[in-house]
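Each reported figure results from applying straightforward, stated rules to the coordinates on display, with no laboratory input. Because the structure is a prediction, the values reported are computed rather than measured. Cβ placement follows ideal geometry from the backbone for every residue including glycine, while neighbour counts extend to all protein chains displayed.
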Amino acid sequence: MYSTQSTLATRFSGRTSHTLRSEQPLSEDQMRAAAPSIFAEGKHVSRSDRYTYIPTIDVLRGLRKEGFEPFMVTQGASLVEGKADFTKHMIRMRHAGQVQTKPEASEVILINSHDGASSYRMLAGMIRFVCCNGLVVGDVVEDIRIPHKGSIQNDVIEGAFRVLRQFELVEAHAEVMKAVQLEPREQTAFATAALALRFGEQVIEETGGHRPAPITAEQLTQARRPEDVGRSLWKTFQCVQENVIRGGQLGRTAQGRRMQTRPVGGIDRGVSLNRALWMLAEEMRKLKAD
């Protein structure tokens with residue numbers, strides 16, 4: 001059952017994407033304004049005759065008939081002239097059959113493009129209502145990829161239900177993470193590993209002659225709201241994930257200048273980093289279980 005609160009839409013844009021998120025299911029007009037490539041009227045000229053073109057909006061309309069509603073859309077940018085209307089896009093959906101009595105809800109994530117950059121792809125996700133923070137599940141649920149060949153629409157709908165059927169497993173893993181308590185040093189270790197995922201080779205011992213990360217692990221574990229204060233693995237994961245993805249931490253460059261970390265832009269980078277953080281949390285859960 002969806003919230004009856006008035007729609008609260010948030011928009012943000014950057015060099016690589018434009019995003020619209022709402023508490024209520026998005027209308028087609030809202031989606032068209034934020035992610036017009038969902039409504040592309042044909043495939044990009046670079047695609048061959050073997051490429052089966054079905055507009056993402058047609059697939060989404062089919063999914064809506066099956067009870068799936070979109071709550072977030074985002075579209076990547078393109079530096080290639082003429083590709084903007086065909087570029088990669090992502091839709092986060094929830095099924096009407098979900099009883100939303102928890103602080104989170106499971107989502108089906110649909111990714112596609114009409115320029116050859118992506119097949120139809122479906123992943124499991126989770127949304128935290130307190131911060132509208134969208135997670136991407138790691139390897140708990142298998143990715144579903146459907147090439148642009150044959151009867152795409154029916155395959156995508158079946159794929160969405162395959163993801164939906166595994167939500168109980170995702171929620172079970174999340175509940176275990178909520179029960180696992182971390183020591184301060186374990187929280188720091190988790191955040192340090194997250195720094196390496198976010199900033200890559202910068203996070204190497206300074207004695208090795210490489211640049212350190214612009215912020216500290218302790219900054220990543222800082223809660224942005226009272227609800228996130230705590231030592232559970234789940235809360236630690238949420239704090240780190242939000243700080244990594246949304247940025248905004250004050251730090252210093254390798255030259256000592258003050259700076260502020262940027263949000264993670266781009267669909268691919270956001271998905272891969274989100275999944276890696278979930279898998280990092282899963283590894284910590286396994287270590288604590290030993």
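What's the local net charge at Leu110, with K and R +1, D and E -1, over the other residues with C-beta under 9 Å away?
Details: positive: Arg92, Arg121; negative: none.
Taking every other residue near Leu110 into account, the sum is +2.
Each residue of the range 213-218 in order: what ³J(HN,Hα) in whole Hz does its phi give by Karplus 6.51 cos²θ - 1.76 cosθ + 1.60, θ = phi - 60°, with x for Gly and Pro?
For the range 213-218, the Karplus curve yields 5, x, 10, 9, 4, 4 Hz.
Find, to one decimal place in angstroms, the Kirkwood hydrodynamic radius of the range 157-290, where the mean of 1/r is taken over every pair of different Cα atoms and then inverted. Show your work: numbers first, answer last.
On the way: mean 1/r = 0.0624 Å⁻¹.
So the Kirkwood estimate lands at 16.0 Å.
Pairs to check: Lys65/Lys178; Lys102/Lys286; Lys65/Lys88. Give those whose C-alpha atoms are more than 31 Å from each other in this structure. Display every interim value, and only then the final one.
On the way: Lys65/Lys178 35 Å; Lys102/Lys286 24 Å; Lys65/Lys88 24 Å.
Table pairs above 31 Å Cα-Cα are Lys65/Lys178.
R0 = 30 Å: FRET efficiency of Leu250 with Glu183, Cβ-based, nearest 0.05?
0.70
For the ranges 254-266, 188-200, what's the packing order if you count other beta-carbon atoms within 10 Å of each residue, average per peptide, and put the highest first?
188-200, 254-266
Counting alpha carbon pairs within less than 8 Å and at least 6 residues apart, what relative contact order, in whole percent, applies to the range 119-260?
So the answer I get is 18 percent.
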